[in-house]
Every structure is written in structure tokens, then in C-alpha cells.
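What follows is calculated from the coordinates using simple rules that are stated; it is not laboratory data. It should be emphasised that the depicted structure is a prediction, and the values quoted were computed from it without experimental measurement. Virtual Cβ from ideal backbone geometry, glycine too; neighbours counted across all protein chains shown.
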Amino acid sequence: MLSRNREIFDLLAQKHGDAHCELNYDTPFELLVAVVLSAQCTDKRVNAVTEELFKVADTPEAFVAMPLDELEKRIYSCGFYRNKAKAIKELSASILELGEMPSTREGLMRLRGVGRKTANVVYAVAFGGNAIAVDTHVFRVANRLGLVNAATPELTEQGLMEAFDEDMWSRLHHLLIFQGRYVCHSRQPDCAQCNLTKYCAYYSAHAGKDEHETV
Ligand code: SF4
């Protein structure tokens, strides 16, 4: 691993010592549902919705039994509620068919309604696996820093896995999310508050110019 990457990792850890999954959950299944709901939605909103939702349904059996229109109403404020309700019904039915909640990334990805990013988050956070889930923050920050130069989330994940030791992947995922959420904003990165300017490709290219340009 390049010493530059190690230094970036250490500076991110210095800045975001408490980086962690901000979704509330009690079981791996609840986390899976929360991650599905979190697409294009804030964790704060998801937590407000799941606080009520999990009181009436927190198992695959309960979501299979819940009428689709009721589930849609309960998760409406998370956005994309039709697709998300369908995904939750399908992943719940898949788990019942399997007889158990999978604990590997491959097993999670075989569930209907579960994509790679969701599987990576649940595998890493609920089961302690090594994985880098690439959401919008990870994609933007990794490319701005020049850790990767990748056109897609899949290529970003691959590039980060090659650039960092495996036991750093899950921590890196949370550090990049916190960096994107609290410092390296999409439209207006707060470079003045960032301890990574020395290493940042975006900053080098834009210092003294328009820092508001988006990647
Ligand atoms: S220097 Fe600016 S663009 Fe680079 S990571 Fe920090 S906030 Fe983002």
C-alpha cells in the first residue's frame, strides 16, 4: 500500500474518530431494511421512519405478511417508496425461502431486492466483514482525493480494494462517508476545514479557483 494512502487514512481517522454507521438497528435484518430505505435519503429520516416501522414489523415474516400498500405508506417519506417497499417484500420472502438471514456478502447479494452496495454495508457493519460499500459520498471523496480515478461505483470499489489493505476497508468506508457528509460536501467542499488539502487532487486542481465546482 502506498504511504500516501496510509497517510490519508490516518488523517481521515484523526478528523473522524467516531465514524460509524448512523442507521439505528437491533438486528442484521433491521439493518438490511434500513440500508434499503437509506438510498437517496438521509440516515436521520430513515431512523425516524424505522423507529415506528420496527414497532409493527421487524422480521421477514412480518414484512411478508404486511400488505404492500401499508408498507408503502409507512416508508413513504423515505422517497422511492414503491421500489423500496417492493425490495423489502422481496428480500423478506427470499430470507424465508432460505430459512435464515445470510451472513456473507455473496449470500446477501443473492437475496432478491439486495444490490452490491447494500450487501457490502450489511456484511461489514452487521457481520464484521471486510467490504467497501460505495455510496455517493465514498464515490465523490475517493475520486476527489485521487485515491481512485473511476467512472463508476463498481470501479471505485475495486480501486479502493486494491489501494488499501483488506483490514482497512470497512473503516475506510465509514471515514469516507463522514468526510463526504460533514466536510467534502457535494456542491461546496469545505476545504478550509479539511486536513487533506496537501494530498487532494481536487484541491490541487481548484485551489484559488472555483471550489464550488462539483465532481
Ligand atoms: S481538500 Fe476539499 S475537495 Fe479535497 S477532500 Fe478536503 S474538502 Fe474535499
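Need the full-extension length gain, Arg110 to Glu166, defined as separation in residues times 0.36 nm minus the C-alpha distance. One decimal, nm.
17.9 nm
Only Cα pairs under 8 Å and at least 6 apart count here; give the relative contact order of the chain as a rounded whole percent.
After rounding, I find 20 percent.
Based on Cβ point charges of +1 for Lys and Arg and -1 for Asp and Glu, what charge dipole magnitude is obtained for region 28-127 about its Cα centre, in debye rounded to the nearest 20?
Here the size comes out at about 440 debye.
Which value in nm describes the separation of the simple spin-label points at Ser103 and Ala48, placed 7 Å from the Cα toward the beta carbon?
Taking the simple label geometry, Ser103 and Ala48 are separated by 3.6 nm.
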